[in-house]
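Below is one structure, written out as structure tokens; comments come after it.
Readers should treat all values here as calculations from the given coordinates under stated rules, not as data from a laboratory. All values derive from a computational prediction rather than experimental measurement. With ideal geometry, Cβ positions are generated from the backbone for all residues, glycine too; neighbour counts draw on all protein chains shown.
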């Protein structure tokens, strides 16, 4: 039992996965509270503070009530809470398909290898490019994904250079995502086709379904 392992949780809810390769699939979201970054396009600032302290067993019980096999651990920045690692391992042990969304600014080396890591590399437009922990790239597995959120053409060109510098497409799948309401997905699609980039364009499906509604 993990009653002594505690996490501060902003929300646990069932929704449609709006991003990554599992887009469109019913998924339980566990949103942890707190984040050391302040990206200009952040859409979950409500998770910076507050939340409810829960034991891991209580979190697992609530997740189980949804009867869905896919679970996403997100934030905020979930790795800012040390017991997040314990939670993910417990979820895997219980047979869930687990993924984590992380900013790329904290160490990912201790994440259970059964967990799919969706790791941001922060672009200049985010305002947090200096927080990138490039040594994390060493710990990415073929099942993982690297995400760049693009705010403008300069971000696209910067991200394209990082792709080449670190040979990212040979490591795992790469995602380019427009900052919602800031950059047209059509523009990014045209640029990707022009440059023949070996990556996936993604949009945030949940925002096209529900807009900027927390808990969706």
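List of remarks:
- Shape category assigned to the range 1-56 from the gyration tensor of Cα positions, a/c cut at 1.5: oblate
- Highest-fluctuation residue, 145, 81, 94 considered, GNM on the chain with Cα pairs under 10 Å: 94
- Each principal axis of the range 38-78 carries a Cα extent, and these read 35, 22, 13 Å when sorted largest first.
- Solvent-free Debye scattering, log10 I(q)/I(0), computed from the Cα coordinates of the chain at q = 0.12 Å⁻¹: -0.60
- Kirkwood hydrodynamic radius (C-alpha pairs) into Stokes-Einstein, the range 99-216, 25 °C and 0.890 mPa s, D in µm²/s: 165 µm²/s
- Alpha-carbon spread of the range 58-113, three principal axes, descending order, Å: 32, 21, 17
- Taking other C-beta atoms within 10 angstrom as a stand-in for reagent exposure, 15, 170 fall in the order 170, 15, fewest first.
- The fraction of Cα-Cα pairs per 10 angstrom bin, counted from 0 for the range 54-153, comes to 15, 46, 27, 11, 1 percent, rounded to whole percents.
- Euclidean distance between Cα centres, the range 13-47 to the range 103-182, Å: 16 Å
- If R0 equals 35 Å, the separation of the Cβ atoms of residue 203 and residue 141 corresponds to a calculated FRET efficiency of about 0.90.
- Normalised convex hull volume, the range 160-216, alpha-carbon set, Å³ per residue: 101 Å³
- Of all DSSP-defined beta bridges confined to the range 1-101, some 60% are antiparallel rather than parallel.
- The slack between residue 13 and residue 152, meaning 0.36 nm per residue of separation minus the straight C-alpha distance, is 46.8 nm.
- The range 1-95: C-alpha gyration tensor shape, a/c 1.5 cut-off, then a/b vs b/c: oblate
- Antiparallel DSSP beta bridges within the chain, percent to nearest 5: 30 percent
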